[in-house]
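One structure is given here, and the rest of the page talks about it.
The values are calculated or read from the model by the stated rules, or taken from the named source; none is laboratory data. Nothing here was measured: the structure is a model prediction, and the numbers come from that model. Note that we place each Cβ from the backbone using ideal geometry, even for glycine, and neighbour counts take in every protein chain shown. The protein model used for the area step is the full one, side chains on, heavy atoms only, and it has no ligands, DNA or RNA in it. Shrake-Rupley method; radii C 1.70, N 1.55, O 1.52, S 1.80 Å.
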Number of protein chains: 4
Amino acid sequence: MAGNSTGKEFIATSFGESHGAKIGVVIDGCPAGLPFSETDVQADLDRRIPLQKLELFSGRIEKDVAQILSGVFEGFTTGAPICIAVDNKEARSQDYADIRDLPRPAHSDYTARVKYGGFGDPRGGGRFSGRVTVATIMGGSVAKKLLSKFDVDVLAYTRSIGKIKMAKQPSQEGIRSQTYRSAARCPDLACAEKMEDSILEAKKEGESLGGIVECLITNLPAGVGEPLFDALDADLAKALFSVPAVKGVEFGGGFALAEMRGSEANDPFQMQKGKVSTETNFSGGILGGISSGMPIVIRAAIKPTPSISKEQRTVDLAKMENAKIKVSGRHDPCVVPKAVPAIEAAIALTLADHMIRAGFIPKVLGRKK
Amino acid sequence: MAGNSTGKEFIATSFGESHGAKIGVVIDGCPAGLPFSETDVQADLDRRIPLQKLELFSGRIEKDVAQILSGVFEGFTTGAPICIAVDNKEARSQDYADIRDLPRPAHSDYTARVKYGGFGDPRGGGRFSGRVTVATIMGGSVAKKLLSKFDVDVLAYTRSIGKIKMAKQPSQEGIRSQTYRSAARCPDLACAEKMEDSILEAKKEGESLGGIVECLITNLPAGVGEPLFDALDADLAKALFSVPAVKGVEFGGGFALAEMRGSEANDPFQMQKGKVSTETNFSGGILGGISSGMPIVIRAAIKPTPSISKEQRTVDLAKMENAKIKVSGRHDPCVVPKAVPAIEAAIALTLADHMIRAGFIPKVLGRKK
Amino acid sequence: MAGNSTGKEFIATSFGESHGAKIGVVIDGCPAGLPFSETDVQADLDRRIPLQKLELFSGRIEKDVAQILSGVFEGFTTGAPICIAVDNKEARSQDYADIRDLPRPAHSDYTARVKYGGFGDPRGGGRFSGRVTVATIMGGSVAKKLLSKFDVDVLAYTRSIGKIKMAKQPSQEGIRSQTYRSAARCPDLACAEKMEDSILEAKKEGESLGGIVECLITNLPAGVGEPLFDALDADLAKALFSVPAVKGVEFGGGFALAEMRGSEANDPFQMQKGKVSTETNFSGGILGGISSGMPIVIRAAIKPTPSISKEQRTVDLAKMENAKIKVSGRHDPCVVPKAVPAIEAAIALTLADHMIRAGFIPKVLGRKK
Amino acid sequence: MAGNSTGKEFIATSFGESHGAKIGVVIDGCPAGLPFSETDVQADLDRRIPLQKLELFSGRIEKDVAQILSGVFEGFTTGAPICIAVDNKEARSQDYADIRDLPRPAHSDYTARVKYGGFGDPRGGGRFSGRVTVATIMGGSVAKKLLSKFDVDVLAYTRSIGKIKMAKQPSQEGIRSQTYRSAARCPDLACAEKMEDSILEAKKEGESLGGIVECLITNLPAGVGEPLFDALDADLAKALFSVPAVKGVEFGGGFALAEMRGSEANDPFQMQKGKVSTETNFSGGILGGISSGMPIVIRAAIKPTPSISKEQRTVDLAKMENAKIKVSGRHDPCVVPKAVPAIEAAIALTLADHMIRAGFIPKVLGRKK
């Protein structure tokens, strides 16, 4: 029953439900001396909901205001646990009351009920709401600030929505400057517009869409990644599957590698300006579970939002008989754009932990004057 | 540097290198009272190397004999840690000595050297050898015996090798009876033969192939899976990425879900003989990180073996200049068949841990008479 | 740097400093279905400061009001992480500003400065303040409620203050009814009065006192305690040393056993009403790291409060030379009474974790109607 | 059920029973590049049994020969898990067969039977035998070698046996040169002789003795120790309670501090040769759970050996009635001398872990030429 923490040296513990008092995160193991403030975390929080095209999303547009409750003093982390939280304000709980016994298809309603004996908070999806990624994002904000001190850059973006796909992997600079200019969180703005149109179309039809989120990690030094079970790709994959709706994860060539031959897939090593690199990057920056110094490329498959307004077949768990359900309430026709910052945060948390574990980040960042 | 253990309540710790004295595993947290003997683990070990067509594999055909060193008394587990090990006998170390400074493309040679300062055991791949999966398999043997007491069945098999693919997911019975009749570990024996031919062809050309391993888990009760970061799919994916050469993992519909619409992807619930199930299984048996009671379907993408006999470009790390390498030594043109039991074992270890964590397996299996 | 969590299945994570925004705790792994509310935790918080004789304590008398921020719904735990927090209100930070470079003898000022590079929050002792036990107490409140469902009783009390000692171990009933009637938290009220007098006398002299806190655990079933390193006594001792000022821990006969002979120290087993017990209890209810079913008796030695108003020798860390310090500010002449509920809480947290680990507490407490 | 590992970054996993095939330890997280060989571990193993006066001990004098099974290559640790094991040879199992239903007073027979359902290996105490400390000692050997690279010295010795006590704490040099010259493991050789006489006397009377083991840690830098629950003293105490027969642990002034006043107990800081130290050391080298740079002084109380040849009262667990027992078999009249190296090892394991955690030991010790 205890799985709400991630990391071994940089540990994030998430708490909160969709309609509870607060959603928050506690970071334990952040080195002392990192400049950090509410401005940092607010910037990340503000990217969660695309304000450009609110029609793409559910009715719940919550302006979350992050509060640092501990662990920061005079603008620097102290080495003590950092708790950051937001209040839940926009809670319209009545929307969900009438379907308590009718598990929504492809939702966690049924499995959560089995696991928690029916005691789970049902309001707004409770602990299983996508809103819980707010905690991940706030924790990721600390991680990203820490990584940025060591020049490591984590950039997630939408690679595809439904059948609309970006043709090729964008440049780091393109991702950085363009991603958040589009509501779809796709750095190719023309492609983004098509994605947004397809979401609106799906919404009109009472349907939903999935997609693929890609993440590019640059400047991670070679040598990050622990042995065997705590391989860097293993822990990154684990982190991604904690983001709601992720059903697949791949690195570099990923599933396409299964059809390639060794001579095609093996990235040849080369010397470039006195540094070792590889000519291609089918391995996605990780070899033997350890970073190679090449950019890490990860893709996560996001399933279409389970909540759709079309009528669906389900069961009535009180009467134990077949039933129908029309999911009303607020729901996004496509969660991919909201998943982008959550995935970025989950990856950043994992990288901060692994950078510390591999000895690339010291336990204290200098001495205070 | 400590990542050689997996699990939180059923914990497997792996040790050993390709050419060291022993390869072994310690299982901590196995309930007392489980019937278990060397016969059980030997049966799993014997499935590692396909004896039907040895020409498909490297020259190193080692008959591993498992020894239980602790934790079992008079045919039952005692509750104390179970150590199982095999001796390394077939070690021809000279094969690798001349290429110590030439990292093999797509291998961990380079990253391991960076991480371990050059102190790693280079013989036969050392700790990064595929042979290390012997420890996983022995640990998995305990896990599978434990799971079998609770009727949970874990069956991995080859779904594709290179471009040769099984048309559809086989039945549980078919997998159980046919998989190990083929050297390719594919339950569709006609397809298996084509796979084997393609491996031999690749071998002849100095090439290598990858493929996809699929795993079907049946009878897992609904309600297994911990919250958020320790979601069942998160931990299963993590376990799979600890198996060498895995570059992608997906559940149920997986990456295909990214292109589907909600009404197609949502598995409708239904009552069947008084039990809740779903009509389809695009979610692959896991909802919200918790098992639904439906079969779990996982796929892992395996990259082509990095070791190929064709000449490749690399760097000389002593001279820091570009170089060429022709990997001699023994290597398999396709590791997919050997990956099948390793993946099955990694999954079994994770499931045993999660079954205990979720309370489905008690701490002691009865009282001794 | 990450040590702010305790437990493996029932995990408490503490956050907050003396003068930060909030002090709180997150409990992960509490079974769903436990009746719990703010009333429960408030009752424990209210026992922290003895209101009977405020002159025994520092000027800071804070009425802490506990807020449950997550994990409880309609009066029951949900299985999600439970966050409970209080606001810090009575923060008079200027008291400490002028002694930042003068580490107080026997305080953590010096060691914390070395460890955290001077970035630690210095206000009111920051993360090292005794006030941080508020988090432990709130977490312990959940643990005690859970233990009470299984009839396990944890009762701490003052056994001695300075040289004033209770003659013998009190009865469970005596402890329960009397302990909190005295400001000294000693169930022998006559003895308590002498203790309180000695504290006042020490205070008058600018001195401080230590003492011994004893804890009696009853009704813990036999069989609780994990193997070897996670022995029940090992984890209880660890928990006690996390309470500020604890310098020694012993079980049952404790240090006195070192001078006894086997025939005196060995507790003979006996049958009583069909149950196994022991005639004496020198082992303090734990054998081989596992509970025996007898009451567990633990004692913790508390050192005298380091803050005294007498002038003391120290060093000036800015000038790196010898110096003198007179600690002003608010401080208790004896922290033993405040340590009593903190120790009780630390023990309860450990027991809840071990009860779950040993399988005595299920993962879900029933089904909701 | 999983508690056979200790440490978070330098992790020791113990396996093996008194009469099983092997007893061993796996160290995960030891930095690569540490010179280490079987000679190192053998030296520590050889100190386990005092050969000077074998009459002080049980009949089982086993010459244990340590074998390194993994993790060391060409005289250096590789960064991979280090498995070290010994064979069990001197196993006379029949000694214990007839008392399976008669739990020996003060032994773990009863509690282990309750916990493991009777499946525990009963031969020679099985997993609960003092012989299991062989694994701790072998793991401690790696830890001590690592600590010695950083000049940290861990020296345990007998402080008292029964009522025979060393008058005062010996010098580091005295401990190092004299301790293992006496069978009692007491550096004051005159006192050691009295201790040995008292053990022989107790043996003659069918009795047993306990005592106190003290450990002096020198050169540990200031700043070692994690926050709150993972305080250095908390983890050291936990480690000590995992050594069989330990019933109390104290640091520095320990229990005596409970009776002291602040002005006596507070160690004044002073500058000495440009370094901060304290005039006295009542805090035993730890303040706020963090090392102060002063020597760490720990004492562990050891109870008298439970096995005595005098007849004792117990119960018959098959018949559930009162019974008598005379423990025959081999047993030591005093385990204190054997506990000395075990305690030293347990402490070294904890310190190695904490030195790594605090950043004082890097992840790799240099680069191989």
Legend entry - Residue ID - nearest to B:Val142 (Cα to Cα), chosen from residues in the stretch B:1-60 that are under 18 Å from the mean Cα position of the chain (by Cα) and acidic (Asp, Glu): B:Asp40
Legend entry - Any chance D:Gly284 is surrounded by fewer than 18 Cβ atoms within 10 Å (Cβ to Cβ) and over 21 Å from C:Asn266 (Cβ atoms): no
Legend entry - Elements of type helices (runs of 4 or more DSSP H) contained in the stretch B:128-243, each with 1 or more residues being within 25 Å of B:Val276 (Cα to Cα): B:133-149, B:172-178, B:232-241
Inset, instruction - Would you check which residues across the stretch B:308-324 are over 33 Å from the mean Cα position of the chain (by Cα), farther than 19 Å from A:Asn281 by Cα and either of a type outside the set (Asp, Glu) or surrounded by 12 or more Cβ atoms within 10 Å (Cβ to Cβ) (or both) and list them? - result: B:Ala318, B:Lys319, B:Met320
Inset, instruction - Please go through the stretch B:195-205 and pick out each residue that is open to solvent by less than 10 Å² (accessible area, probe 1.4 Å) and facing chain A (nearest Cβ under 10 Å). - result: B:Ala202
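Conditions tested, residue by residue: (1) on the phi < 0 side of the Ramachandran plot; (2) touching a residue at least 40 places away in the same chain (Cβ under 8 Å); (3) not aliphatic (A, V, I, L, M).
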residue: B:Val132; (1), (2), (3): yes, yes, no
residue: B:Ala135; (1), (2), (3): yes, yes, no
residue: B:Gly139; (1), (2), (3): yes, yes, yes
residue: B:Leu146; (1), (2), (3): yes, yes, no
residue: B:Gly162; (1), (2), (3): no, yes, yes
residue: B:Ala190; (1), (2), (3): yes, no, no
residue: B:Leu220; (1), (2), (3): yes, yes, no
Inset, instruction - Scan the stretch B:168-220 residue by residue and report those that are among the hydroxyl-bearing types (Ser, Thr, Tyr) and within 20 Å of the chain's Cα centre (by Cα). - result: B:Ser177, B:Thr179, B:Tyr180, B:Ser182, B:Ser208, B:Thr218
Inset, instruction - Select from the stretch D:38-79 the residues that are within 14 Å of another protein chain (Cβ to nearest Cβ) and aromatic (Phe, Trp, Tyr) and write down the one among them that is nearest to B:Ala21 (Cα to Cα). - result: D:Phe73
Legend entry - Complete set of residues in the stretch D:166-191 that are open to solvent by 50 Å² or more (accessible area, probe 1.4 Å) and in contact with a Ser or Thr (Cβ under 7 Å, 6 or more places away or on another chain): D:Gln172, D:Leu189
Inset, instruction - Within the stretch B:253-275, identify whether any single residue is of a type in the set (S, T, N, Q) and out of contact with any Ser or Thr (no Cβ under 9 Å at 6 or more places or on another chain), and answer yes or no. - result: yes
Inset, instruction - For the stretch A:243-273, name all the residues that are more than 7 Å from every other protein chain (Cβ to nearest Cβ) and either of a type in the set (A, V, I, L, M, F, W, C) or surrounded by fewer than 21 Cβ atoms within 10 Å (Cβ to Cβ) (or both). - result: A:Val243, A:Ala245, A:Val246, A:Ala256, A:Glu264, A:Gln272, A:Lys273
Inset, instruction - Name the residue, out of D:Ala222, D:Ala234, that is open to solvent by less than 10 Å² (accessible area, probe 1.4 Å) and facing chain C (nearest Cβ under 7 Å). - result: D:Ala234
Legend entry - Residues that are closer than 16 Å to D:Gly29 by Cβ, open to solvent by less than 10 Å² (accessible area, probe 1.4 Å) and not in a loop (DSSP other than H, G, I, E, B), drawn from the stretch D:72-85: D:Thr77, D:Ile82, D:Cys83, D:Ile84
Inset, instruction - Please go through the stretch D:258-291 and pick out each residue that is of a type in the set (A, V, I, L, M) and part of a strand (DSSP E or B). - result: D:Met271, D:Val276, D:Ile286, D:Leu287, D:Ile290
Legend entry - Meets criteria (under 30 Å from C:Ser160 (Cβ atoms), more than 11 Å from chain C (Cβ to nearest Cβ) and in contact with a strand residue (DSSP E or B) (Cβ under 9 Å, 6 or more places away or on another chain)) for D:Leu216: yes
Legend entry - Scan of the stretch D:118-159 for residues that are among the hydroxyl-bearing types (Ser, Thr, Tyr) and surrounded by fewer than 24 Cβ atoms within 10 Å (Cβ to Cβ), ordered by number: D:Ser129, D:Ser148
